[in-house]
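Step one of this worksheet: look at the structure below.
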Amino acid sequence: MLTEGQKKLLEELKNNLAKSVPEAKISQSDYVLTGYHLEFSSSKVGMRRVAKEMRSRRFNLETVTAVDFIDSFEIVYLYFNYNQDNIRVMVRIRVPKDEPPFTVSAVYSEAIWLEREVYDFFGIQFKEHPDLRRILNPDDADYFPLLKNFGKTTITGEIDDMLC
Amino acid sequence: MLTMKTIDDININERLYQLNLGPQHPSTHGVLHFLLTLDGEVVVKAEMLIGYTHRGHEKMAENRIYEQFYPNSARMDYLSGMIFNTGYCEAVEKLCGIEVPKRARYIRVITSELNRVASHLLGVMDFVMGIGAYTPFLYGWDDREIILDLLETITGSRLTYNYSRFGGVRVDIDQTFCDSARRFIDRMRERFKLYNDLITGNIIFIKRTVGVGVISKDVALDYGVTGPTLRGSGVNYDVRKSEPYSSYEDFNFEIPTKEEGDCMARYLVRLAEIEQSLRIIEQAMNNLPDGPIRADVPCFITPPAGDCYHSFESARGAVGYYIVSDGTRIPYRLKVRAPSFSNLFVMSKIIPGHFVADLVAIFGSIDVTVPEIDR
Amino acid sequence: MNMTQLPIIKDIYGFLGPDLLVGVVGLLLVLIFVPLNSAFLVWVERKVAGHIQLRPGPMEVGPHGILQSLIDAVKLMCKEMITPDLADKPLFWMAPCIVVIPAIVCFVVIPFSPVMQIRELNVGILLIFAFSSISGLSIMMGGWASNNKYSLIGAVRAVAQSIAYEIPLLLSTMSVIIMSNSFKMSQIVSDQSTVWNFILQPVAAIIFIICSTAETNRAPFDLVEAESELVSGFHTEYTGMRDALFFMAEYTAMFIASSMAVVLFFGGWHGPFFSGIVWFVLKAYFLVFVTVWIRWTFPRLRFDQLMNFAWKVLIPISLLNLLVTAIVIKVL
C-alpha cells in the first residue's frame, strides 16, 4: 500500500517528468508485482532530462542496463530514493540499433562504469561518454556477448523441447 | 613483444611511476587489478581493472530455464551466497505472483541473517588483516566457522548454497538447528568484548582508520554506493527497512549509521550490524510459525510475459535482480545489480592523495567481493 | 686435565696463539649457533603465533613440531634459486650473502657470561651498531637489484626507517654509557650487579626496545616487508635458500637486539641460583618472546606515522633523557 507521502511524491514526479519530457509516456505500475512504482517510457530521447530531474530530487541511480529486442535496444534506468517515501522509477528508452543514446554520466558519475558495462555487452556506443572501453570482457574481444545473436546454444533448445 | 622498462630506463626526473597492485596480490582478495600512478608512495590516480573472473552469469541465464539458474545465483557473491540465492527466488516469485508460506519466509530470514553475520565477520577481519593484525582475522574465522557448519547441516554446502526454491525452501529447520544457533548467538555476543579490546580500542588501529578514506554523502549518492559503506557515510538506507521483503517487516531492528564516512565508521557499522542480525535471528526463531515450507508450485515454472525488479540487501549493499520474461521457461534477460560494482568505483574518486597502505585499508573497509563485480 | 696439555691442541695453540684460537673456536661455535638459533626462533614464532591464535601450530615433525624448521631448511636448500631476467645479477647474488655478515660478527663481542665472550673490545657496543647498519645496506641492495617496484619501495622504506630509528637507539644507549663511563659490554654488565639499568633508566630502556623492534623490521614496524601492501617487500623476488638467508639474518638480528637490551638494561649474566650463561640466554629469549607476542597482537603502522613517531616523539624524548642523565651524573 502506498503512503500519503509516496502518493504526493508520485504525483509531483509524474507532473515534473511530463513537463520536462512531453513526448514520453508515464504511467503508474503495481509495485507488488513489478517492484517499481512509476514507469516512464519514451523513444530515443529524454534520458538526460530525466537524470537531471532525478538528481535534483536526490534519487540514486540504481542501475543502467539494456535489453536486446532484436530490432531495437531498450535502455533501462532505475532510480530509487533514500528518503522516507521510497519510490522506484523505471525509465525505459527505446533506441534503434544504429542510433546510440546519450550518456547520463555527466549527471551521475556511477553511470561511467554502468554504461561501460552496457557498451561491453551490447556494443551500444553512448554519445559523449568520457571513457567508453571494455570493462569485463577482454580488451581485444570482437564480440558483444549479450546480443541475442551471440552464443545461443542448441542444447538449450533441446532441453526446452524435452521439458515441454 | 612487450617492451619492459627496467629501473635503469626510468628517467630520474620522472616523478610519477605506475604500480600494478594485483591481480595477484595478498590484499586484493580475489583477482582485482589496481593500476596506480604513484608519486613516491602517494597515489595520484587509481584505476581499477576488473573482469578477471567474468563467467557470464547473465548470458548463462538466457540459456537455461529458471530452475537451472539456482546454483548460479549463489556463485556471484560467494560470501553471502544464501542472500543472493534467496533474492533470486524472490525475484522470480514476484514475477510469477507466487505466495510463499510464512514459515518458509522466516527460515529464509534466519539463514540469510546467519549468512550476513558470516560475511560481515569475514569482511571486518579481512579489513583488520589488511592493516596488519593477523590474529583477529583468525578469531573472526573461528566464529564464522560455526555458522558455516550450522548452514552445512541444512544446505549441504559451506559457501555456495543452493537452498531456496521457488515458493519456499528445500529443507525444514529443526530444534537442533535452533539450539545451535542460539548457542552461537550467546557466544557471539560475548566475543564483541574481545573484538573491542583487541581491535577497536587499539591505538594503532585508530590511527590507521580514523579520517582515512572519507566518503561524503554527496559522493556516495553520485557513485551509487549502498550497504554498510553508505551507512558509514550517514545515510539511513537499508532495503530491509525501506522495501521489506521476505518477512523483515515483522522484526524489530535498527539500522546502525555513522556520520564520519571513514574506514573506522564503516568498520563500526559492520560490527553493529552483526549485533542487529543476531537480534533478527533470535526474534525469528522465537516466533517461528508452523506450516508448510513450500508453496504448491509446479515443477517447472513458466512466468507470464513482463518484467520485474527485485531489490534486496546483501552483506555488501542493495542487490537487484531485473528479470524480463517473454512468457517462456527461459528468461529473456536477467540483469544483476551488483553492489560491489558501484562500491568499488567510488575508490577511484576517494583514493587519490592517500598512501598505498591506506588503499589497502580503504579497500578492506569497503569490503567488495570480486566474483560479484565480474559476474 | 688441562686441555692445553693435549699434544694436538698444544701444537695449534703454539701456532695460533691464545687470541686466534679463541677466535677460531668462537667463530665455529657462532656458525653452528646462528642457523640453529634461527631455526629455533622460527619454531618459537610459529608456536607462539599458533597459541595466540587458538591453534596448535606445527605438530607433525618431532614432538610438538620442534624439528619443523630443520625440515623446512632442507626443503629450502633443495629449491631452485630463481634470478629474475632483468635483475642486477651480481648485486642480487651478493645481497643475501652480505646480510648474514652482521649476524655473525655481532656475536664476537656479546658477553654471555664473565668468561664466555669471544673478544673483549673497548668499543664493543659501537661495533655492534656499526655492523648492524650493514643489514640496511644489503636490504637496499636486494631491493634495488630485484628490479621490482614492490622491492624497491620496501628497500627505500628500509633505509629511511633505519636512519630514523638508529638515532634514538644510539641516544638511549648513550645514557647508559654515560652512567658506566665505558663502551665495554662486560664493564656495563658488571656495573649492574646490584641494580639493573632498567630501574635507573626506564625511559631509555623502553625507547631502546621500541627502536630495536623497528631496526629489526618486526611488527608493528615491519613496513619493509609489509605483507598486505608490498607482498614481501625487499625479498619478493628471492627464492629458496637466498630467501632463507634473509630470514636467518632477521631472526639472528632479533636475538642480537635482545642480547643488547639484556646487556644494557637487564643486568646481563647477573641473577641468582643459575650460572651466568643460563640467565643471559633466558633473558634474551624472553625479550624475543615479547617481540613475537607484540607482532601477533598489533596492527601495522603507516609509513608517515612511523617516521613521525621516530622524529617527533622518540628523538626528543631520548635527547631529553640523555640531558637529564648527564646533569644528574654531573651533580651527583
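Test residue C:271 against the stated conditions and say whether it is more than 16 Å from residue C:213 (Cα to Cα) and open to solvent by 20 Å² or more (accessible area, probe 1.4 Å). Break it down into steps so the answer makes sense when it comes.
Working: more than 16 Å from residue C:213 (Cα to Cα): yes; open to solvent by 20 Å² or more (accessible area, probe 1.4 Å): yes.
Here the answer is yes, as residue C:271 does meet what is asked.
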| message | Taking the condition of being hydrophobic (A, V, I, L, M, F, W, C) and not in a helix (DSSP H, G or I), how many residues in region C:132-151 meet it? | response | 0
| request: Restricting attention to region B:121-137, report how many residues are in a helix (DSSP H, G or I), at the interface with chain C (Cβ under 7 Å from one of its Cβ atoms) and of a type outside the set (Val, Ile, Thr). | output: 2
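Can you spot a residue in region B:288-305 that is surrounded by 15 or more Cβ atoms within 10 Å (Cβ to Cβ) and farther than 30 Å from residue B:324 by Cα? Explain how you work it out, then say what you get.
Residues of region B:288-305 that are surrounded by 15 or more Cβ atoms within 10 Å (Cβ to Cβ), as a first pass: B:288, B:293-295, B:297, B:301-303.
Imposing the further condition that a residue be farther than 30 Å from residue B:324 by Cα reduces the set to B:288.
So far as region B:288-305 goes, yes, one or more of its residues are surrounded by 15 or more Cβ atoms within 10 Å (Cβ to Cβ) and farther than 30 Å from residue B:324 by Cα.
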| request: Give the residue that is modelled with the lowest pLDDT, with candidates limited to residues of region A:107-161 that are assigned to a helix (DSSP H, G or I), over 17 Å from residue B:338 (Cα atoms) and aliphatic (A, V, I, L, M). | output: A:155
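For (1) among the aliphatic types (A, V, I, L, M); (2) buried (at least 24 other Cβ atoms within 10 Å of the Cβ), each residue gets a yes or a no:
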{"position": "C:221", "(1), (2)": "no, yes"}
{"position": "C:224", "(1), (2)": "yes, yes"}
{"position": "C:234", "(1), (2)": "no, yes"}
{"position": "C:242", "(1), (2)": "no, no"}
{"position": "C:253", "(1), (2)": "yes, no"}
| Pair list, Cβ under 8 Å, 6 or more apart: region A:10-39 residue over 30 Å from residue B:92 (Cα atoms), other residue open to solvent by 20 Å² or more (accessible area, probe 1.4 Å) and of a type in the set (Ser, Thr, Tyr) | A:23/A:43
| query | Can you pull out the residues in region C:99-115 that are buried (at least 17 other Cβ atoms within 10 Å of the Cβ) and either out of contact with any Gly (no Cβ under 6 Å at 6 or more places or on another chain) or not in a loop (DSSP other than H, G, I, E, B) (or both)? | reply | C:99, C:100, C:102, C:103, C:105, C:106, C:107, C:108, C:109, C:110, C:111, C:112
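Of all residues in region B:174-199, which are among the aliphatic types (A, V, I, L, M) and touching a Leu at 6+ places or on another chain (Cβ under 8 Å)? Outline the logic, then answer.
Filtering region B:174-199 down to residues among the aliphatic types (A, V, I, L, M) leaves B:181, B:185, B:188, B:194, B:198-199.
Answer for region B:174-199, where residues must be among the aliphatic types (A, V, I, L, M) and touching a Leu at 6+ places or on another chain (Cβ under 8 Å): B:181, B:185, B:188.
Might you check whether a residue that is open to solvent by less than 10 Å² (accessible area, probe 1.4 Å) and farther than 20 Å from residue C:247 by Cα occurs anywhere in region C:140-156? Outline the logic, then answer.
Narrowing region C:140-156 to residues open to solvent by less than 10 Å² (accessible area, probe 1.4 Å): C:142-143, C:145-146, C:151, C:154-155.
Within this subset, residues satisfying the condition of being farther than 20 Å from residue C:247 by Cα are none.
Taking every residue of region C:140-156 in turn, none turns out to be open to solvent by less than 10 Å² (accessible area, probe 1.4 Å) and farther than 20 Å from residue C:247 by Cα.
Tell me whether region B:330-344 contains one or more residues that are on the phi > 0 side of the Ramachandran plot and more than 8 Å from chain A (Cβ to nearest Cβ).
Filtering region B:330-344 down to residues on the phi > 0 side of the Ramachandran plot leaves none.
For region B:330-344, residues on the phi > 0 side of the Ramachandran plot and more than 8 Å from chain A (Cβ to nearest Cβ): absent.
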| said: Looking at region B:347-374, I want the residues that are under 27 Å from residue A:120 (Cβ atoms) and have a partner that is of a type in the set (Phe, Trp, Tyr) and assigned to a helix (DSSP H, G or I) with Cβ atoms under 7 Å, at least 6 apart or on another chain. Which pairs are those? | reply: B:347/B:363; B:367/B:127; B:373/B:341
| field | Answer residue from region A:34-50, given it is at pLDDT 80 or above and touching a helix residue (DSSP H, G or I) at 6+ places or on another chain (Cβ under 9 Å) and is most open to solvent (accessible area, probe 1.4 Å) among those | value | A:49
| remark: When every residue in region C:285-332 that is of a type in the set (Lys, Arg) and part of a helix (DSSP H, G or I) is compared, the one least open to solvent (accessible area, probe 1.4 Å) is C:295
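Can you confirm whether residue B:331 is within 30 Å of residue C:233 (Cα to Cα), assigned to a loop (DSSP other than H, G, I, E, B) and either open to solvent by 10 Å² or more (accessible area, probe 1.4 Å) or in contact with a helix residue (DSSP H, G or I) (Cβ under 7 Å, 6 or more places away or on another chain) (or both)? Working first, answer last.
Working: within 30 Å of residue C:233 (Cα to Cα): no; assigned to a loop (DSSP other than H, G, I, E, B): yes; either open to solvent by 10 Å² or more (accessible area, probe 1.4 Å) or in contact with a helix residue (DSSP H, G or I) (Cβ under 7 Å, 6 or more places away or on another chain) (or both): yes.
Taking the combined requirement at face value, the residue does not satisfy it.
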| query | If residue B:146 satisfies every condition in (1) surrounded by 16 or more Cβ atoms within 10 Å (Cβ to Cβ); (2) in contact with a Leu (Cβ under 8 Å, 6 or more places away or on another chain); (3) assigned to a helix (DSSP H, G or I) but one, which is the exception? | reply | (2)
| query | Failed condition for residue C:245, given (1) within 14 Å of chain B (Cβ to nearest Cβ); (2) in a helix (DSSP H, G or I); (3) touching a Pro at 6+ places or on another chain (Cβ under 6 Å), with all others met? | reply | (1)
| query | Which residues, counting only those in region B:17-61, are open to solvent by less than 50 Å² (accessible area, probe 1.4 Å), within 14 Å of chain A (Cβ to nearest Cβ) and more than 30 Å from residue A:68 (Cβ to Cβ)? | reply | B:23, B:35, B:46
| said: From the list C:156, C:195, C:176, C:203, exactly one residue is β-branched (Val, Ile, Thr) and either on the phi > 0 side of the Ramachandran plot or not in a helix (DSSP H, G or I) (or both). Which is it? | reply: C:195
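Residue-wise test of (1) away from chain C (no Cβ under 14 Å); (2) more than 22 Å from the chain's Cα centre (by Cα); (3) free of Cβ contacts under 8 Å to residues at least 12 places away in the same chain; (4) closer than 21 Å to residue B:111 by Cα.
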site	(1), (2), (3), (4)
B:144	no, no, no, yes
B:150	yes, no, no, yes
B:185	yes, no, no, yes
B:196	yes, yes, yes, no
B:201	no, yes, yes, no
B:215	yes, no, no, no
B:220	yes, no, no, no
B:240	yes, no, no, yes
| Every residue from region B:160-172 that is among the β-branched types (Val, Ile, Thr) and not in a strand (DSSP E or B) | B:160, B:171
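Taking region B:155-173 as the search range and keeping residues that are β-branched (Val, Ile, Thr) and buried (at least 20 other Cβ atoms within 10 Å of the Cβ), which one is farthest from the chain's Cα centre (by Cα)?
Here is the first cut: in region B:155-173, the residues β-branched (Val, Ile, Thr) are B:155, B:160, B:169, B:171, B:173.
Narrowing further to those that are buried (at least 20 other Cβ atoms within 10 Å of the Cβ): B:155, B:169, B:173.
Details: B:155: 19, B:169: 21, B:173: 24 Å.
Ranking the qualifying residues of region B:155-173, first place goes to B:173.
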| message | Could you go through region C:286-306 and let me know if any residue there is among the aliphatic types (A, V, I, L, M), within 30 Å of residue B:135 (Cβ to Cβ), in contact with a Ser or Thr (Cβ under 8 Å, 6 or more places away or on another chain) and more than 14 Å from chain B (Cβ to nearest Cβ). | response | yes
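Answer yes if at least one residue in region B:80-95 is of a type in the set (A, V, I, L, M), more than 30 Å from residue B:351 (Cβ to Cβ), open to solvent by 10 Å² or more (accessible area, probe 1.4 Å) and in contact with a strand residue (DSSP E or B) (Cβ under 6 Å, 6 or more places away or on another chain), and no otherwise. Don't jump to the end; show me each part of the working.
As a first pass, look at region B:80-95 and keep what is of a type in the set (A, V, I, L, M): B:82-83, B:91-92, B:95.
From what is left, the residues that are more than 30 Å from residue B:351 (Cβ to Cβ) are B:82, B:91-92, B:95.
Now restrict to residues that are open to solvent by 10 Å² or more (accessible area, probe 1.4 Å): B:95.
Remaining after also requiring in contact with a strand residue (DSSP E or B) (Cβ under 6 Å, 6 or more places away or on another chain): B:95.
Scanning region B:80-95, I find at least one residue that is of a type in the set (A, V, I, L, M), more than 30 Å from residue B:351 (Cβ to Cβ), open to solvent by 10 Å² or more (accessible area, probe 1.4 Å) and in contact with a strand residue (DSSP E or B) (Cβ under 6 Å, 6 or more places away or on another chain), so the answer is yes.
The values are calculated or read from the model by the stated rules, or taken from the named source; none is laboratory data. Values in this document were obtained by computation on a predicted structure and should not be read as measured data. Reconstructed Cβ throughout: ideal geometry from the backbone, glycine too, with neighbour counts over all protein chains shown. Just so you know, the surface numbers come from the protein's heavy atoms only, side chains and all, with ligands and any DNA or RNA stripped out. Shrake-Rupley method; radii C 1.70, N 1.55, O 1.52, S 1.80 Å.
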